[in-house]
Amino acid sequence: MKEKTTLRVIGLMSGTSCDSIDAALCEVNPDMSCKLIKGINHSYPVHIREMILRAFREEISIKELCQLNFLVGECFAKAANILIEEFGKVDIISSHGQTVYHYPYDEKIDNLSKKSTLQIGEGAIIAERTKCLTISDYRVRDIAAGGQGAPLVCFADEKWFKNSLVQNIGGISNVTVISDNTPTFGFDNGCGNLMIDYCMKKLFQQPYDKDGEIALSGKISESWLDCLLQDEYYYLSPPKTTGREYFNERYIENMLKLAPNDDADIIATLTALTAKSIVQSYERFIFPYVTPERVIIGGGGAYNKAILKFLRRYLPDSIELNTHEDFGISNNYKEAMAFALLGYCAYYGISNNLPECTGATKRIVMGKFSY
Ligand SMILES: Nc1ncnc2c1ncn2[C@@H]1O[C@H](COP(=O)(O)OP(=O)(O)O)[C@@H](O)[C@H]1O
Ligand SMILES: [Mg+2]
């Protein structure tokens with residue numbers, strides 16, 4: 001095996017919110033620590049983002065999906081090249097890509113599993129445009145090894161935090177449980193910002209509830225909140241993952257049939273749902289085994305003051321509530337940094353999945369190489 005040294009790695013990530021391509025130039029060290037040198041949020045061009053959103057709704061043809069894989073690759077390469085122009089070439093680019101479909105169910109056809117996932121953003125394009133070794137398409141290898149291909153960021157959380165619940169709140173919310181008493185595990189709690197964003201667009205013509213202001217101006221409808229919390233996903237035992245395929249527009253429109261009349265009350269209640277579904281998942285699946293010292297919030301939801309306020313209300317008083325920034329790690333770039341670490345490990349042939357998180361039968365090295 002090659003002797004490990006500090007490498008310069010660009011991590012590239014775009015999540016279920018599809019709000020931007022997050023690019024994080026990092027120095028990753030042999031002890032698995034990771035220093036962010038510079039991060040950027042690079043927007044998709046308008047028509048490409050529209051195509052991705054249509055892909056989420058399963059409204060594009062296979063021809064367009066084929067094109068979109070390369071187009072997204074070009075966009076990811078552009079994001080990386082902005083950093084490369086400023087800071088010079090890097091040793092590795094590590095790209096999560098853009099998930100367009102995630103199917104974690106072990107259903108059979110001709111006795112073969114349909115479990116699968118699709119992240120687009122062609123690695124060959126990124127490698128060619130940047131002239132850097134590109135490692136991409138991580139999740140598929142974990143699924144091949146019997147896992148759900150998610151959550152993957154748990155691997156980095158375990159290296160960077162101790163005795164905590166590391167809670168990401170992106171489009172979907174996902175937690176990593178790090179404790180001295182159990183192997184690290186994690187799962188998707190449910191919808192994070194997805195339903196809030198959808199209703200902000202529909203009711204207020206805004207992409208999201210900036211700083212949670214609308215939610216803070218509204219009143220929570222306890223009866224609608226109880227109804228929303230009945231969804232069966234919240235009761236499933238981990239390992240479990242979800243995505244836009246489940247919390248889709250049809251799902252949200254269906255839920256809105258029972259919503260209160262006032263628009264701000266709708267946003268307040270959906271924001272409470274984000275917080276309460278997270279805390280209930282702790283009560284069901286974590287607190288019986290682990291007593292964490294703190295919850296550390298990251299992802300875009302960490303900037304939503306209403307989510308933080310409701311989390312504080314629902315969490316036991318004995319548990320501290322922090323954001324990643326309290327620990328010197330960017331809320332915004334943590335996931336892109338995590339992919340930089342996954343790339344570093346792939347480069348050295350170090351296994352980079354955690355079977356307790358994904359359900360895989362073994363540890364494997366995820367990531368495909370484009371030289
Ligand atoms: N200032 C803010 N106030 C409230 N919500 C925010 C703010 N900034 C970001 N968000 C929320 O975070 C989401 C993006 O979070 P992110 O972690 O990038 O998710 P994903 O991984 O799904 O792309 C936005 O769609 C929005 O809902
Ligand atoms: Mg994002």
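Things to note:
- Residue satisfying all of: in segment 240-262; open to solvent by 60 Å² or more (accessible area, probe 1.4 Å) and touching a residue at least 24 places away in the same chain (Cβ under 8 Å); farthest from the chain's Cα centre (by Cα) among these: Asp262
- Given (1) in the same structural domain as Lys162 (by TED's automatic domain parsing); (2) farther than 30 Å from Leu203 by Cβ; (3) open to solvent by less than 30 Å² (accessible area, probe 1.4 Å), number of the condition Glu293 does not satisfy: (3)
- Selection status of Leu228, under 22 Å from Tyr289 (Cα atoms) and either open to solvent by 40 Å² or more (accessible area, probe 1.4 Å) or more than 16 Å from ligand 2 (Cβ to nearest atom) (or both): no
- Among the residues listed as Cys66, Cys75, the single one being more than 16 Å from ligand 1 (Cβ to nearest atom) and either without any contact (Cβ under 8 Å) to a residue 24 or more places away in the chain or open to solvent by less than 40 Å² (accessible area, probe 1.4 Å) (or both): Cys66
- Single unsatisfied condition, Gly39 versus (1) more than 17 Å from Asp137 (Cα to Cα); (2) more than 16 Å from ligand 2 (Cβ to nearest atom); (3) assigned to a strand (DSSP E or B): (2)
- When residues of segment 350-364 are limited to those that are part of a loop (DSSP other than H, G, I, E, B) and of a type in the set (Val, Ile, Thr), the one least open to solvent (accessible area, probe 1.4 Å): Ile364
Results for (1) in contact (Cβ under 8 Å) with a residue 40 or more places away in the chain; (2) more than 24 Å from Lys131 (Cβ to Cβ); (3) out of contact with any Cys (no Cβ under 9 Å at 6 or more places or on another chain), shown as yes or no for each residue.
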site: Gly11; (1), (2), (3): yes, no, no
site: Ser14; (1), (2), (3): yes, no, no
site: Leu25; (1), (2), (3): yes, no, yes
site: Pro30; (1), (2), (3): no, yes, yes
site: Ser33; (1), (2), (3): yes, yes, yes
site: Asn41; (1), (2), (3): yes, no, yes
site: Ile93; (1), (2), (3): yes, no, no
site: Asn111; (1), (2), (3): no, yes, yes
site: Ile120; (1), (2), (3): yes, no, yes
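- Restricted to segment 202-225, and to residues there that are free of Cβ contacts under 8 Å to residues at least 24 places away in the same chain and within 14 Å of Leu256 (Cα to Cα), the residue that is surrounded by the fewest Cβ atoms within 10 Å (Cβ to Cβ) is Ser223.
The values are calculated or read from the model by the stated rules, or taken from the named source; none is laboratory data. Just so you know, these numbers come straight off a predicted model, no measurement behind them. Every residue, glycine among them, receives a Cβ derived from its backbone with ideal geometry; neighbour counts consider all protein chains shown. When the accessible area is computed, the model is the full protein with side chains, heavy atoms only, and any ligands, DNA or RNA have been set aside. Shrake-Rupley method; radii C 1.70, N 1.55, O 1.52, S 1.80 Å.
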